[in-house]
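The structure appears right after this line, and notes come after that.
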Amino acid sequence: LAVPCKATIKESADGEFVLRTIQRTRLWEIQTPQVVKKDVLQRGFEKVRAENLEVTDDASIVEQLGEPVKLTLGEYTNLKLTTPEDMVIARDLLLRGAV
């Protein structure tokens, strides 16, 4: 699942100054769940482990194999709950019946 990126994304080498603005029309925010065939994921984990690669999710593991990753339109209400602020937003959505 994925949704088009709404935020303006900036790249910075040092965390203090902007190098450039990344064109958002090509950016997608990847969501869970992600669906991957078991054998593809196993091969991907083997490659990641053998080559000590850095990955952030199942889709990036598949990318390391050179396999295609299909985007499937998700919903903006499918939040990633990472920070305390995310929990407040999720609670509000649930109380309003928006999810």
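Identify all lysines with a Cα-Cα distance to Lys6 below 18 Å; exclude those on the same chain that are fewer than 8 residues away in sequence. By straight Cα distance, Lys6 reaches Lys80.
Summed over the residues of the chain and divided among them, the accessible surface reaches 82 Å² per residue at a probe radius of 1.4 Å.
Which residues in the stretch 11-33 have a backbone N closer than 18 Å to a point placed 7 Å from the Cα of Glu75 along the Cα-to-Cβ line? So the set is 29-33. Kirkwood analysis of the chain, using all unique Cα-Cα pairs, places the hydrodynamic radius at 16.1 Å. The label-point distance for Cys5 and Leu65, in a model that sets each label 7 Å from Cα toward Cβ, rounds to 2.6 nm. Potential lengthening of the chain between Val18 and Val88 amounts to 22.2 nm, from the contour at 0.36 nm per residue minus the alpha-carbon distance.
Around the Cα centre of the chain, unit charges on the Cβ atoms of Lys, Arg, Asp and Glu (plus for the first two, minus for the last two) sum to a dipole of about 360 debye.
The values are calculated or read from the model by the stated rules, or taken from the named source; none is laboratory data. The structure presented is a predicted model; accordingly, all values stated were derived computationally and were not measured. With ideal geometry, Cβ positions are generated from the backbone for all residues, glycine too; neighbour counts draw on all protein chains shown. Accessible surface is based on the protein model in full, side chains and every heavy atom, while ligands, DNA and RNA are left aside. Shrake-Rupley method; radii C 1.70, N 1.55, O 1.52, S 1.80 Å.
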